Amino acid sequence: MRRTMDKLEYGIVWQKQSRLTDLDFADDLAILVEEENVCQEMTTKLEEQSAQVGLNISGEKTKVMGITQCPPTRPIAVAQGNIEIEYVERFTYLGSVISRDGDVEADINTQLAKAAAVFRRLDNVWRSSTLSLKIKLDLYTSLIVSTAIYASETWKSTARICQPLDVFHHRNLRKILGIT
């Protein structure tokens, strides 16, 4: 990455005098740019440097998302220009849904759906008469709540965002407590 992201115009302004060019985690990578033409240049350079160490960019798994009012003027391509990367309005990165408009509603809905699926799979636990309420609530907190609020530190806190979380939480607690 250091050899790929070496030009001064690469990346976005970060802390006045430095630039942030990429976010990396294992084999996931996000390239950050301010101009569309620089994105193609960085992608091409990344592809060339990756090939030198036996890695390649998957054109099918790679996505481009622009945070701008203007539609893209030309597609970004990989694999010597043979595969055009799809432009998307949102994508999943490290388990979180990132949307073009910066809204976290899609991410919250995704997390709540995952937590609801886990909750449903444990239905026999919630209905069990042999398990104490304390054990059920401990399981709920450690499994369901942690899944529902995964990456919540990145969410803004508004009534519109808190409301579905509260509804989800109260509905599940009523089911565990047997309250209809």
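Bear in mind these aren't lab numbers, they're just calculated from the coordinates by the rules spelled out. These figures come from a predicted structure and were not determined experimentally. Counting neighbours? That spans all protein chains shown, and the Cβs are built from the backbone with ideal geometry, glycine included.
Assorted remarks:
- Rounded tilt (10° steps) of 159-177 against the dominant C-alpha axis of the chain: 40 degrees
- Here Lys7 is the anchor, and the lysines within straight C-alpha reach of less than 28 Å, apart from those fewer than 8 places off in the same chain, are Lys16, Lys45, Lys61, Lys63.
- Nearest-ten-degree value, helix 36-52 long axis tilted from longest Cα axis of the chain: 90 degrees
- Two-decimal log10 I(q)/I(0) for the range 1-48, as the Debye equation yields it once each C-alpha is a single scatterer, q = 0.15, 0.22, 0.32 Å⁻¹: -0.35, -0.76, -1.36
- Ranked by how many other beta carbons lie within 10 Å on average, peptides 31-40, 50-59 from highest: 31-40, 50-59
- Rounded to the nearest 10 degrees, the inclination of helix 105-121 to the longest alpha-carbon principal axis of the chain is 40 degrees.
- Point-charge dipole on Cβ atoms (K/R +1, D/E -1) for the chain, about Cα centre, debye to 20: 1180 debye
- Across all directions, the average flat footprint of the convex hull enclosing the Cα atoms of the range 83-180 is 8.0 nm².
- The value of relative contact order for the chain, using C-alpha pairs under 8 Å at least six residues apart, is 13 percent.
- What the pair-distance distribution of the range 12-88 shows, using all Cα-Cα distances binned every 10 Å from zero, is 16, 52, 28, 4 percent.
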